[in-house]
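Here is the structure we will look at.
The values are calculated or read from the model by the stated rules, or taken from the named source; none is laboratory data. These figures come from a predicted structure and were not determined experimentally. We place every Cβ from the backbone using ideal geometry, glycine too, and count neighbours over all the protein chains shown.
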Amino acid sequence: MKSVLLVLTALLSSTALAHTEVTAITPRRSAVVIAPKVVTLTISEPVNLRFCTVRVMAIPVGKTAAQASALALAAKNGAPQLASVTQAASGLSTVVCVPLRPALTAGAYVIAWKLLSDDGHPVTGFSTFRVK
């Protein structure tokens with residue numbers, strides 16, 4: 001009986017500790033692509049789009065992807081250095097689609113995100129891709 005109880009406790013604890021995460025990104029991490037028109041993030045559980053920030057920016061010379069990610073998230077909506085187009089969204093979704101400005105130039109780009117999980121924890125991260 002004790003072993004069954006221990007197994008159930010372990011299973012329930014791991015479920016309770018699960019957090020929202022990005023499970024897929026398009027373009028894929030480190031992909032080399034022709035200029036995409038949209039970036040898509042797939043998320044492990046529904047998030048409120050009103051509290052999601054996803055930005056795409058060319059990685060400045062001399063900056064790491066992590067530094068560019070912080071710059072992108074700190075930029076104001078519509079800032080000229082952003083390759084992503086800000087759009088108002090609301091509702092719950094497991095997919096976030098962000099349109100990009102037309103004809104991105106060749107180079108490295110960072111996709112930076114900050115999401116608010118259902119339990120109120122912020123989820124941040126970034127990925128990179130290269131336009132050929």
Original post:
Looking only at the range 48-62, which residues are part of a strand (DSSP E or B) and either crowded, with 18+ Cβ neighbours inside 10 Å or of a type in the set (Ser, Thr, Tyr) (or both)?
Top reply: 53, 54, 55, 56, 57, 58
**OP:** Return yes when residue 36 is part of a loop (DSSP other than H, G, I, E, B) and surrounded by 15 or more Cβ atoms within 10 Å (Cβ to Cβ) and no when it is not.
**Re:** yes
**OP:** May I ask you to verify whether residue 111 is among the aliphatic types (A, V, I, L, M), surrounded by 18 or more Cβ atoms within 10 Å (Cβ to Cβ) and under 15 Å from residue 22 (Cα atoms)?
**Re:** yes
Original post:
Would you call residue 117 farther than 15 Å from residue 25 by Cα, surrounded by 15 or more Cβ atoms within 10 Å (Cβ to Cβ) and not aliphatic (A, V, I, L, M)?
Top reply: yes
Original post:
Does residue 86 qualify as being assigned to a loop (DSSP other than H, G, I, E, B), in contact with a strand residue (DSSP E or B) (Cβ under 9 Å, 6 or more places away or on another chain) and surrounded by 12 or more Cβ atoms within 10 Å (Cβ to Cβ)?
Top reply: yes
**OP:** Select, from 43, 59, 34, the only residue that is aliphatic (A, V, I, L, M), in contact with a helix residue (DSSP H, G or I) (Cβ under 8 Å, 6 or more places away or on another chain) and modelled with pLDDT of 95 or more.
**Re:** 59
Subject >> Residue list for the range 64-75, restricted to those being part of a loop (DSSP other than H, G, I, E, B) and out of contact with any strand residue (DSSP E or B) (no Cβ under 9 Å at 6 or more places or on another chain) >> reply: 64
Subject >> In the range 46-102, the residues that are of a type in the set (Gly, Ala, Ser) and more than 20 Å from residue 35 (Cα to Cα) >> reply: 62, 66, 70, 74, 75, 88, 89, 90, 91, 93
Subject >> From 76, 2, residue being out of contact with any helix residue (DSSP H, G or I) (no Cβ under 6 Å at 6 or more places or on another chain), surrounded by fewer than 15 Cβ atoms within 10 Å (Cβ to Cβ) and modelled with pLDDT of 90 or more >> reply: 76
**OP:** Please enumerate the residues belonging to the range 97-117 that are of a type in the set (Val, Ile, Thr) and not in a strand (DSSP E or B).
**Re:** 105
